[in-house]
Structures are given as C-alpha cells and as structure tokens.
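Chemist: Following this message is one structure expressed as structure tokens.
Taken together, the values in this text are just the output of simple stated rules run on the coordinates, not laboratory data. None of the values given here were measured: they were computed from a predicted structure. We place every Cβ from the backbone using ideal geometry, glycine too, and count neighbours over all the protein chains shown.
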Amino acid sequence: MNLHENKKLFTDAVLAASEYLDIRPVYIEKDYWITRSLKLMVQNSNAEKAIFKGGTSLSKAHKLGNRFSEDIDIAISDADTLTGNQLKMLIKKISKEMTKGLEEVLVPGVTSKGSRYYKAMYSYPNVLGKAIKETVNIGQLLVEINSFANPYPYVSKSIDCFIAQFFRQTGNDALVEEYGLQSFTLNVLDKRQTLTEKLVSLIRFSLSDNYTYDVAAKIRHFYDLHYLLQDTECAEYLQSEQFKTDFNTLLAHDRETFDKPEGWNTMEIGQSPLLSDFTNLWSNLKDTYLKELPAIAFSEIPKEDVVAKSFEEIINRIVK
C-alpha cells in the first residue's frame, strides 16, 4: 500500500471517500493506516501466529458494528509452544514489520515492552492536520501485541480499506491495483470468542473497588456486545451449552493470568453489580455511552436503553 506516497492523490481520495461513504475524513485516513499495518503484518513469515482481535476487528473483519478503536490489537497463538526468547523475538519482529514507515512516540504510562507483551504508540504522516478536535487521536496508532490472551478459535477473513472500497464502487479498480490496495486475508479471532472475551472483561473490572469508573472505561464493550447479539450465529451460540463452557474456561484462564483489579480472581461472579444491580449501574454508565460512542462511531449509535436490554439478555444466560 503506497497511495500515501502521492500526497495530493491521497488527500483527494480521503476527502472523496469521506463524502461518498458518509464517513468522517479522520476515520477514512486512520483506517488506511490501520489496514496498511495489518497488511504489512501478514507479509511476515510468522503471520499465521498473529491473530487480529478487539473492537476494530469486529467492524473491519466481521462487519459487526461501525466504530473505531484506538489500537490494533494482536494476540499470539500457540505462545506456550515457544521459549521465552523465541516469543520475545517473534513479538519484536511482528511489531517492527507492521510499523514500517511509522515513527514511534514514547508515551509514559502507555509504552510498555516486555518479553510477552508489546504496547507502543506510533505516528503516521496525516494529511488532515492536527487542529481538528476528535476523540480518535489524529495521526496516531496504538499497536498492542500480547501472548497472554487465549486467541482460539480464529478464522481467516478478507479485509481492505475504505479508500479501496470507494475506488471499486466508483469504477476506479485500476487505482486499487496501482497503489497496492487489494484485499488480503488474515487470521481474526472468532466473533463468538470475542463475545465471550468482552463479557468476561466487563465482569472482571466490575469486581473492582471503583467498579463504576472501571466499567465506564470499557463502555465500548456494551456497544460491541449489542452488535454481536444481532448476529444470528452469535445469538444461537449464546443459547448453547458451548457458550457456558467457553465462558467458564475463559473466566478460569483470566483468573490465573490477571491479578488486577486486586482480589477479583477469588470473588464469585454473582458479586458483580453487572449481575446483581445492573439497572442502577447502567444509570451511572449511560451518559458515558452517549458521550463516547458517537465520537468513535461512523454511523448512528443504538439507543442506550436498547444496548442495556441487549446486555441484560446476554448476562441472563450466565445466571440461568
């Protein structure tokens, strides 16, 4: 992908795609750079071990929901089959490949590089200028690679960028070919596992002392869970015994893996206000939902009461 090397054409394409697709220019541009990083990643010789996951994967790969995330979230599969040094070198290689041409920005409290975990902010040469006030950080990508997750099962999905979609829909296929904007496939966490991950994450942070604040920081999960519930396969999965098995397996995994918030891994999930007092908790969360989600979504967001109802439907499967 090298359209950005032709700055005028790239700028024109961002603005034209924005108007045609009715998506704000900042998202069109950022989507290009996210897609470019993912395309560079799959060209790595160990790309099959890199699993794309998180909120961005839902919209880009599974076509569920219409929102952006600040980060590119990657999990390493089969991490337990590698030595500590092999794992460290793999994470280093993948992070280096997918950030070619980007400049790292050291952010205290964010940047973190270990033998099993990598988190760093990178800047890209944005053409929109930095004066625009947006929730999404203009000109920045957060790359997160970890080996603590349990990224199974995963599926192969084809993705491309908004600009490529715009070119094809307007009869400019030649530009897709000329600037390397063709679709490509990569491994993506299965949407059903994503549902389970987001649910366990919310329960985990709802068991903190300051649970309203901590759950509010994960407000995007409620949006994602709502869209996952609208998917036929996910809705059927939720009613299955396999869901309960997967939920309990992941909960046990996370209890062993994560010690924050303090004490959560020895508590019963029935102590979570998500199960015991969701109505009151949501009354303290809905303003955050109504403020944050419109700023990162590229279509109208579902009403807050609809999202709350979807979550109650999901959580009821746990208590049955």
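Chemist: Is it the case that some residue within the range 31-47 is crowded, with 17+ Cβ neighbours inside 10 Å and acidic (D, E)?
Modeler: Checked against the condition, which is being crowded, with 17+ Cβ neighbours inside 10 Å and acidic (D, E), the range 31-47 yields at least one hit.
Chemist: Can you tell me how many residues within the range 248-294 are of a type outside the set (F, W, Y) and under 25 Å from N146 (Cα atoms)?
Modeler: Of the residues in the range 248-294, the ones of a type outside the set (F, W, Y) are 248-257, 259-263, 265-277, 279-281, 283-288, 290-294.
If we keep only those that are under 25 Å from N146 (Cα atoms) as well, we get 248-257, 259-263, 265-266.
Result for the range 248-294: 17.
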